[in-house]
1. List the lysines whose Cα sits under 26 Å from the Cα of LYS162, skipping any in the same chain fewer than 8 residues away.
2. Which number comes out as Rg/Rh for the chain once both Rg and the Kirkwood Rh are worked out on C-alpha atoms?
3. For the chain, give the share of DSSP beta bridges that are antiparallel, in percent and rounded to the nearest 5; count only bridges with both residues there.
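Values in this text are rule-based calculations from the coordinates and carry no lab data. As the structure is a computational prediction, the values presented were derived from the model and not from experiment.
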Amino acid sequence: MNQATSKAELRHQLIAARRALAPDIKAAADARIIASLLSWLQANHIRVLGAYLAIAGEPDLSALYEALPAHGITVAMPVVLEREQPLVFVQWRPGDVLTKDASGTLAPSARGEYVQPDAVLAPCIGYTDQNLRLGFGGGYFDRTLAQSPRPRAVGIAYAFAKVSFEAEAHDIPLDVILTD
Ligand code: ADP
Ligand code: MG
């Protein structure tokens, strides 16, 4: 992708490219991300993982979430309790009921039973060689990672989505980007 294109234009281009992936190519790419992520989780002794449920053509890692409890890893999902605030994480098991959170995204219902993940997955529309994340523009991961202590942050992206954009003061680099 072009150098120094605006975040908004990059989001538009990259989401379109992601949605154009053929289903079999996407499934194979998702399986490679899952294999790489499982190795990373084990190598880093992660016990509680903040995950995500795929939307808008994001890598779908749900097959991994089903397998993680057998590896001793608890899965939690992000919940927006209040707009423009950091994310909170609620334990989740496959099949658990989802409801719309304050941002309108499907999430487990938050009953105050929050967990503190060791690592969180941050699905990236795009990413840079400085490990900066291009998200949907809500700034939720930036706010979450601005807290102390902060979880390790693992960007999840398709490799083709490597781009260049001007970092803003609030953009917080992720610890690692895993791709297909
Ligand atoms: P994304 O990271 O989702 O791609 P942006 O980096 O463009 O989105 O951020 C979206 C908005 O979130 C920005 O207008 C920014 O002001 C706000 N934001 C990000 N982090 C913080 C923070 N720590 N405190 C307050 N506002 C923040
Ligand atoms: Mg940002």
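1. By straight Cα distance, LYS162 reaches LYS7, LYS26.
2. Value, to two decimals: 0.94.
3. Rounded to the nearest five, the antiparallel share is 40 percent.
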